[in-house]
Amino acid sequence: MIVGVGIDVAEIKRFAAAMERTPGMAERLFTPGELLLPTGAPRGIASLAARFAAKEALAKSLGAPAGLSWLDAEVTTEPSGRPRLTVTGTVAARAAELGVRSWHLSLSHDAGVASAVVIAEA
């Protein structure tokens, strides 16, 4: 059963500008694993914008309650390239309240826009 669906888009140039002008923003939004590729190289801005959109979409799928921590949701990538959500803390608690047992995530970025769709399933 679908508990919630969330979608979000982020203009990549606007997101990049916000990251540049706000010291520490990256560390408040993203886990160390999200900021770096498996090789240890920094993740590109389009990919980070898609991950930001995923966290926004995740919150929407949970009813956008106040008090969720950005770092309690992590977008990881399976060896196949498939994105996956891992939730802990405040996000896991809200998901448990709603009976969420699994997540479906799709990320994309093209034409200057990053997007994400999240489906929360019981």
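The values are calculated or read from the model by the stated rules, or taken from the named source; none is laboratory data. Since this is a predicted model, take the numbers as computed values, not measurements. In this analysis, Cβ positions are derived from the backbone assuming ideal geometry, glycine residues included, and neighbour counts consider all displayed protein chains.
Couple of notes before you dig in:
- Each residue in the range 80-100 was checked for being within 16 Å of residue 63 (Cα to Cα) and either part of a helix (DSSP H, G or I) or of a type in the set (Lys, Arg) (or both), and 9 pass.
- Selection over the range 56-69 of residues that are crowded, with 17+ Cβ neighbours inside 10 Å and in contact with a helix residue (DSSP H, G or I) (Cβ under 6 Å, 6 or more places away or on another chain) gives a count of 2.
- Top-ranked residue of the range 106-122 - restricted to ones that are outside any strand (DSSP E or B) and touching a residue at least 60 places away in the same chain (Cβ under 8 Å), ranked as nearest to residue 14 (Cα to Cα): 112
- Checking each residue in the range 84-118 for being touching a helix residue (DSSP H, G or I) at 6+ places or on another chain (Cβ under 7 Å) and of a type outside the set (Gly, Ala, Ser) picks out 85, 87, 88, 90, 91, 105, 107, 109, 113, 117, 118.
- Subset of the range 3-23 that is out of contact with any Ser or Thr (no Cβ under 9 Å at 6 or more places or on another chain) and touching a residue at least 40 places away in the same chain (Cβ under 8 Å) - its residue that is farthest from residue 62 (Cα to Cα): 13
- Any pair with Cβ under 6 angstrom, 6 or more apart, that starts in the range 69-88 at a residue that is within 14 Å of residue 104 (Cβ to Cβ) and in contact (Cβ under 8 Å) with a residue 24 or more places away in the chain and ends at one that is of a type in the set (S, T, N, Q) and part of a strand (DSSP E or B): 83/77
- Number of positions in the range 1-32 that are surrounded by 12 or more Cβ atoms within 10 Å (Cβ to Cβ) and either modelled with pLDDT under 95 or in a strand (DSSP E or B) (or both): 9
- Listed by first and then second residue, the pairs linking a residue in the range 24-41 that is under 19 Å from residue 83 (Cβ atoms) and touching a residue at least 40 places away in the same chain (Cβ under 8 Å) to a residue that is assigned to a loop (DSSP other than H, G, I, E, B) and not small (Gly, Ala, Ser), with Cβ atoms under 8 Å apart and 6 or more places separating them unless they lie on different chains, are 34/43.
- Positions within the range 33-51 being part of a helix (DSSP H, G or I) and among the aliphatic types (A, V, I, L, M), in sequence order: 35, 45, 46, 48, 49, 50
- Annotation note: of 20, 34, 78, the sole residue that is more than 27 Å from residue 1 (Cβ to Cβ), touching a strand residue (DSSP E or B) at 6+ places or on another chain (Cβ under 9 Å) and acidic (Asp, Glu) is 34.
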